[in-house]
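The values are calculated or read from the model by the stated rules, or taken from the named source; none is laboratory data. Every value quoted in this text rests on a predicted model; they were computed, and no experiment measured them. All Cβ positions, glycine included, derive from the backbone under ideal geometry; neighbour counts span all protein chains shown. Note: areas computed on protein heavy atoms with side chains; ligands, DNA, RNA excluded. Shrake-Rupley method; radii C 1.70, N 1.55, O 1.52, S 1.80 Å.
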Amino acid sequence: MNTPHLSSTVFIVDDDEAVRDSLRWLLEANGYRVRAYASGESFLEDYDASQIGVLIADVRMPGMSGLELQEQLIVRNAPLPIVFITGHGDVPMAVSTMKKGAIDFLEKPFNESDLREIVARMLEQATQRVSKHQAQKDHEAMLARLTAREQQVLERIVAGRLNKQIADDLGISIKTVEAHRANIMEKLEVTTVADLMKVALAKPEAHA
């Protein structure tokens, strides 16, 4: 078995202390860093989306349920794979949560080999998700450097408009368009129009 990445964490959310302790013991015995919470609310207060990890959460808990916790993470656009613990075998619920991004289920009583296999697979996915999430944030931050006018010019460059056409569209001089164009390329850290197009149209993916 591969040694878990030191920066990754397995988060456990379950109101049952015995289940939390059992999961923590099994995971820590296999070299994982574990953080356990008795409620979804306490987990959300502590959670940082830049952390690489996997969430193991009970479906049914007093207060915020596992499903409601999943909804909150979706709202936050959190790149966190979720494994639900269930002893209820609720197939419609399982289908619904899978469609919303839950990756797998652990049925009570769970066994150690299933737990190890699921967590290892989920942490691999989590690393990819966090990398993609960060790439998206970096891309958005780069585009946010542009002023409103520069964004208007960029939209027209992407649409294939020439400098004279952009000047006519925006009621500005060609020299002003050229100045905006130079500023855009400097801010987006590109030197050619081809690279500018790549940045403007990019849908960032996780790097291998």
- If you scan the range 179-189, which residues turn out to be in a helix (DSSP H, G or I), open to solvent by 50 Å² or more (accessible area, probe 1.4 Å) and touching a residue at least 12 places away in the same chain (Cβ under 8 Å)? Arg181, Asn183, Lys187
- Message: Within the range 130-148, does at least one residue satisfy the condition of being modelled with pLDDT of 90 or more, surrounded by 15 or more Cβ atoms within 10 Å (Cβ to Cβ) and out of contact with any Asp or Glu (no Cβ under 7 Å at 6 or more places or on another chain)?
- Response: yes
- Query: Of the numbered conditions (1) polar (S, T, N, Q); (2) over 30 Å from Ala49 (Cα atoms); (3) buried (at least 16 other Cβ atoms within 10 Å of the Cβ), Thr192 satisfies every one except a single condition; which is it?
  - Reply: (3)
- Going through (1) at pLDDT below 80; (2) open to solvent by 50 Å² or more (accessible area, probe 1.4 Å) one by one, Arg121 fails only at (1)
- Within the range 5-55, the residues that are in contact with a Leu (Cβ under 8 Å, 6 or more places away or on another chain), in a strand (DSSP E or B) and not hydroxyl-bearing (Ser, Thr, Tyr) are Val10, Phe11, Ile12, Val13, Val34, Ala36, Ile52, Gly53, Val54, Leu55
